[in-house]
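Below: the structure, in structure tokens.
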Amino acid sequence: MRLIALTLSFLVVAPLVTQPAAAQIVPSEESLSDLYPGKAYSPYAQRAFGSRPLWGDTHLHTGLSVDAGLFGARLGLEEAYRFARGEEVVSSTGQPVKLSRPLDWLVIADHSDAMGFVQAMAKSDPEVIAFEQGRRWSEGMAQGGQ
């Protein structure tokens, strides 16, 4: 019973105590005149930050990353940058590709672990095929997974 009385008292008193906090304070024009010298018709006038959207790619893997390389990506860093600049490149599937407009920015997010290993396997690099497992993987890639 005591808990119910305490809860009801709280529910009655809480809105009365917090009501002033919910009121919105409207600043006077004088208090804003130093902060905003422009016309008041637009909140965006005379702003000091950019408003042009920039288009890019936040997470691109080239053929140097193991995960992308194993899924067939064969293009390297130079091709990725050329593609982002709007130049035509030949894709990993052999098709010529080009963006309708260049990207404003590009993040190449290749993994450092085993960087370039897939490309080395595909080329039967002597340092890879010197090891039994590397030789088997390299031969498997050459056979196309058959």
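One table, with the values for the structure above:
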| quantity | calculated |
| --- | --- |
| In region 78-134, the residues that are more than 18 Å from ASP67 (Cα to Cα), in the same structural domain as ASP67 (by TED's automatic domain parsing) and among the small types (Gly, Ala, Ser) | ALA84, GLY86, GLY94, SER100 |
| Qualifying positions in region 58-73 - surrounded by 15 or more Cβ atoms within 10 Å (Cβ to Cβ) and either part of a helix (DSSP H, G or I) or in contact (Cβ under 8 Å) with a residue 40 or more places away in the chain (or both) | LEU60, HIS61, THR62, GLY63, LEU64, SER65, VAL66, ALA68, GLY69 |
| Filter result for ARG47 (at pLDDT 80 or above and over 21 Å from LYS123 (Cα atoms)) | no |
| Out of ASP113, ASP125, sole residue that is surrounded by 10 or more Cβ atoms within 10 Å (Cβ to Cβ), of a type in the set (D, E, K, R) and at pLDDT 85 or above | ASP125 |
| Residue count, region 49-64 (criterion: within 15 Å of ILE108 (Cβ to Cβ), within 17 Å of the chain's Cα centre (by Cα) and not β-branched (Val, Ile, Thr)) | 5 |
| Residue that is at pLDDT 80 or above, outside the structural domain of GLY94 (by TED's automatic domain parsing), more than 30 Å from ALA142 (Cβ to Cβ) and not small (Gly, Ala, Ser), where the choices are THR7, THR18 | THR7 |
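The values are calculated or read from the model by the stated rules, or taken from the named source; none is laboratory data. Computed from a prediction, not measured in an experiment: that's the story for all the values here. Here Cβ is always computed from backbone atoms with ideal geometry, including for glycine, and neighbour counts include all displayed protein chains.
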